[in-house]
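Working notes, structure below.
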Amino acid sequence: MKKYIFVTGGVCSGLGKGVAAASLGSLLERSGLHVRLVKIDPYINVDAGTMSPYQHGEVYVTDDGAETDLDLGNYARYTSAPLGKENSITTGQIYQEVIQREREGRYLGRTVQVIPHITDEIKRRICLVGEAADVDVTIIEIGGTVGDIESVPFLEAARQFIHDTGKKGVMFVHVTLVPGVAGGELKTKPTQHSVKELREIGIQPDVLLCRAARPLNIDERKKIALFTNVEEEAVISAYDVPTTIYEIPLLFHDQRLDEIAVERLNLQVGPADLSVWRRVVGTIKSATRTVRIALVGKYIELGDSYKSVTEALSHGGIANGVRVEIVRIDSERVENVARIEELFEGIDGVLIPGGFGARGVKGMILAARYARVNKIPCFGICLGLQVMVIEFARSILKLEDANSTEFAPGCASPVVSLLEEQIDVKNYGGTMRLGKSDAVLGADTKIREAYATETINERHRHRYEVSNRFRERLAEKGMIIAGTTMDRELVESVQWSDHPWGIGVQFHPEFKSKPFDPHPLFTSFVNASLVHAG
Ligand code: GLN
């Protein structure tokens, strides 16, 4: 029988529900179960594609081209569960489907209502993942906080699982905050209230993951258990871990979270093999050297805007046995600083990440030039590659107004442009290139050396491409076209010749990096930065 675990959040948002769900998924997977994860976002947007990184953090892209919430990135880093369109559910998708069905007359004249029609569609979407042949347990994370108006239909659908699957088929994990006050005392009242709210809608949590600055003591756990009717051993102390979030699966395992789930859901498992997590945490903790990587982006203020990039950098650190310190540099600051070298003092590598729109691009171009001229390892991802191409065209090809038509429509030297603006490429639409595709890497290139393979498969999310009209001239002057699409039509990667490590990629390698399986490009970039540090 298929099992379902719902993860809800209480008190406030930003408690790390995604990492909690992913960690639980990992523990079950490492006990031999086939796990799937689903994220529910109760907003009306159909997907995260149109959402500002400032509001919502990074947009995570799956192989099948879904633009999803960044929590899917957490699931990808902690587990090996496959992820695609069906693993991300929003209110927008649910209503779109129900309204479409209504327009097609498929409700046979009945009144279409939240219960049962919206809740049925929610359950159908969850079961689409959970009832698949090779799945044992599906973990469904409900975004937002219990008490939000938007999440009511999802919580009602979750409650109905108790009816549909029986008590042994479903389990509820509630992530809550136990705030401290002056003097170090932890306050349990907000947790009591949020559990009360859950119970009012018919859900009694089986497990509480209590987020707090320090571990809860016995008395605090007893008190929470008493007031919330959760068993004492299921009141789990999810305190802030000092060094790395990859310690969280171990923290939960030490408090028997996986065993509680296994007993509660009557699952058949072997012992959990957590050696990979021990290795990852051990490597991070024993690292003595630090490399300093400048992340020169335009959405720097919000920590989560480049989540997969910063995590992949830390994985590159794990692979090299060093700590990666990320120095966030707002690209607009690079534009306005008198002496750029002051900003980059002590920097061992420069990473220019993806982005949309003209703001801040000038600073990225300056950063790329600084890294190229001073032979500092430089990694350009998506917009970062386009910036490297623009900079090279301006400085080396002497095309002063070289630009992307995204920022300067009608410029004289559109080295980056939409495909339909390029005369010699046909049969490609002007829409976003999304999801996975194959690329071929050139012989004797640094990227080929890093991957140690000729063809690769990576994910895309962009609209503009390096223009084929300038490809030859770029190559002649020393910008190696290091990777292309399989048909050789589109540029997938460039490399600065005569430079220790200057690589741009049109795709997003960061989405596929895992702590126990670091992405080869990040491993190679961190290694080059380490060499640069001397
Ligand atoms: N804005 C650029 C494009 O659409 C780059 C996109 C990105 O960096 N993800 O092509």
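Among the residues here, VAL373 does not qualify as at pLDDT 95 or above and under 19 Å from ARG463 (Cα atoms). Filtering VAL230, VAL241 for residues that are over 24 Å from the mean Cα position of the chain (by Cα), in a loop (DSSP other than H, G, I, E, B) and of a type outside the set (Gly, Ala, Ser) leaves a single hit, VAL230. Just one residue in the set VAL296, VAL309, VAL337 is among the aliphatic types (A, V, I, L, M) and surrounded by fewer than 20 Cβ atoms within 10 Å (Cβ to Cβ); that residue is VAL337. With respect to the conditions (1) of a type in the set (Gly, Ala, Ser); (2) touching a Lys or Arg at 6+ places or on another chain (Cβ under 6 Å); (3) surrounded by 21 or more Cβ atoms within 10 Å (Cβ to Cβ); (4) over 30 Å from PRO82 (Cβ atoms), ALA157 lacks only one, and its number is (4).
Residue by residue, here is whether (1) without any contact (Cβ under 8 Å) to a residue 12 or more places away in the chain; (2) over 21 Å from HIS519 (Cβ atoms); (3) within 16 Å of the ligand (Cβ to nearest atom) holds:
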{"residue": "GLY321", "(1), (2), (3)": "no, no, no"}
{"residue": "VAL327", "(1), (2), (3)": "no, no, no"}
{"residue": "SER331", "(1), (2), (3)": "no, yes, yes"}
{"residue": "GLY349", "(1), (2), (3)": "no, no, no"}
{"residue": "GLY357", "(1), (2), (3)": "no, yes, yes"}
{"residue": "GLY360", "(1), (2), (3)": "no, yes, yes"}
{"residue": "LYS398", "(1), (2), (3)": "yes, yes, no"}
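Could you check GLU449 against (1) within 16 Å of the ligand (Cβ to nearest atom); (2) touching a helix residue (DSSP H, G or I) at 6+ places or on another chain (Cβ under 8 Å); (3) of a type in the set (Asp, Glu) and say which number it fails? Looking at each condition in turn, GLU449 falls short on (1). Of the set (1) part of a helix (DSSP H, G or I); (2) touching a His at 6+ places or on another chain (Cβ under 6 Å); (3) not aromatic (Phe, Trp, Tyr), all apply to ASP219 but (2).
Quick one: would you say ASN74 is farther than 20 Å from CYS127 by Cβ, polar (S, T, N, Q) and crowded, with 17+ Cβ neighbours inside 10 Å? Talk me through it step by step, then tell me what you get.
Working: farther than 20 Å from CYS127 by Cβ: yes; polar (S, T, N, Q): yes; crowded, with 17+ Cβ neighbours inside 10 Å: yes.
Yes, satisfied.
If we scan region 103-120, do we find a residue that is farther than 26 Å from HIS163 by Cβ and either hydroxyl-bearing (Ser, Thr, Tyr) or within 35 Å of the chain's Cα centre (by Cα) (or both)? Looking through region 103-120, none of the residues is farther than 26 Å from HIS163 by Cβ and either hydroxyl-bearing (Ser, Thr, Tyr) or within 35 Å of the chain's Cα centre (by Cα) (or both).
Residue pairs whose Cβ atoms lie under 6 Å apart, separated by 6 or more positions or on different chains, with the first residue in region 512-531 and among the small types (Gly, Ala, Ser) and the second part of a helix (DSSP H, G or I), are SER513/ALA312; SER513/HIS315; SER513/PHE522; SER524/ALA450. Can you find, within region 268-286, the residue that is farthest from the chain's Cα centre (by Cα) among those that are outside any helix (DSSP H, G or I) and at pLDDT 95 or above? Restricting to residues being outside any helix (DSSP H, G or I) and at pLDDT 95 or above, the top hit is ASP273. Scanning region 362-375 for residues that are out of contact with any helix residue (DSSP H, G or I) (no Cβ under 6 Å at 6 or more places or on another chain) and farther than 18 Å from VAL415 by Cβ, we see that the one that is nearest to the ligand (Cβ to nearest atom) is ALA371.
Yes or no: ARG323 more than 18 Å from TYR75 (Cα to Cα) and surrounded by 16 or more Cβ atoms within 10 Å (Cβ to Cβ)?
Numbers: more than 18 Å from TYR75 (Cα to Cα): yes; surrounded by 16 or more Cβ atoms within 10 Å (Cβ to Cβ): yes.
So ARG323 fits the description; yes.
Of the strands (runs of 3 or more DSSP E) lying entirely inside region 425-525, the ones with 1 or more residues being surrounded by fewer than 20 Cβ atoms within 10 Å (Cβ to Cβ) and on the phi < 0 side of the Ramachandran plot are found at 433-441, 455-462, 479-485.
Can you confirm whether GLU102 is more than 28 Å from LEU70 (Cβ to Cβ) and acidic (Asp, Glu)?
Details: more than 28 Å from LEU70 (Cβ to Cβ): yes; acidic (Asp, Glu): yes.
The answer is yes for GLU102.
Looking only at region 164-172, decide whether some residue is part of a loop (DSSP other than H, G, I, E, B) and over 31 Å from the mean Cα position of the chain (by Cα). Scanning region 164-172 turns up at least one residue that is part of a loop (DSSP other than H, G, I, E, B) and over 31 Å from the mean Cα position of the chain (by Cα). Screening GLY166 on (1) touching a Leu at 6+ places or on another chain (Cβ under 7 Å); (2) over 30 Å from ASP219 (Cβ atoms) shows it passes everything except condition (1).
Set side by side, the residues SER308, SER314, SER275 differ, and just one is out of contact with any Cys (no Cβ under 6 Å at 6 or more places or on another chain) and free of Cβ contacts under 8 Å to residues at least 24 places away in the same chain, which is SER275.
Taking the condition within 16 Å of the ligand (Cβ to nearest atom), of a type outside the set (Ser, Thr, Tyr) and touching a helix residue (DSSP H, G or I) at 6+ places or on another chain (Cβ under 8 Å), does GLU465 pass? Spelling it out, GLU465 is indeed within 16 Å of the ligand (Cβ to nearest atom), of a type outside the set (Ser, Thr, Tyr) and touching a helix residue (DSSP H, G or I) at 6+ places or on another chain (Cβ under 8 Å). Against the conditions (1) touching a residue at least 60 places away in the same chain (Cβ under 8 Å); (2) within 16 Å of the ligand (Cβ to nearest atom); (3) among the polar types (S, T, N, Q), THR431 satisfies every one except (1).
Can you tell me which of VAL170, VAL152, VAL137 is modelled with pLDDT of 95 or more, among the β-branched types (Val, Ile, Thr) and under 30 Å from HIS315 (Cα atoms)? Reasoning before the result, please.
Values: VAL170 fails: under 30 Å from HIS315 (Cα atoms); VAL152 fails: under 30 Å from HIS315 (Cα atoms).
Result: VAL137 is the single residue among VAL170, VAL152, VAL137 that is modelled with pLDDT of 95 or more, among the β-branched types (Val, Ile, Thr) and under 30 Å from HIS315 (Cα atoms).
Scan region 434-450 and report the pairs whose first residue is of a type in the set (Gly, Ala, Ser) and whose second residue is surrounded by fewer than 16 Cβ atoms within 10 Å (Cβ to Cβ), with Cβ atoms within less than 6 Å and a gap of 6+ or a chain change. The qualifying pairs are GLY435/ASP64. Per the listing LEU385, LEU418, the residue uniquely within 15 Å of the ligand (Cβ to nearest atom), under 24 Å from TYR299 (Cβ atoms), at pLDDT below 95 and of a type outside the set (Phe, Trp, Tyr) is LEU418.
The values are calculated or read from the model by the stated rules, or taken from the named source; none is laboratory data. Because the structure is predicted, anything quoted here is derived from the model rather than measured. Neighbour counts run over all protein chains shown; Cβ positions are idealised from the backbone, glycine included.
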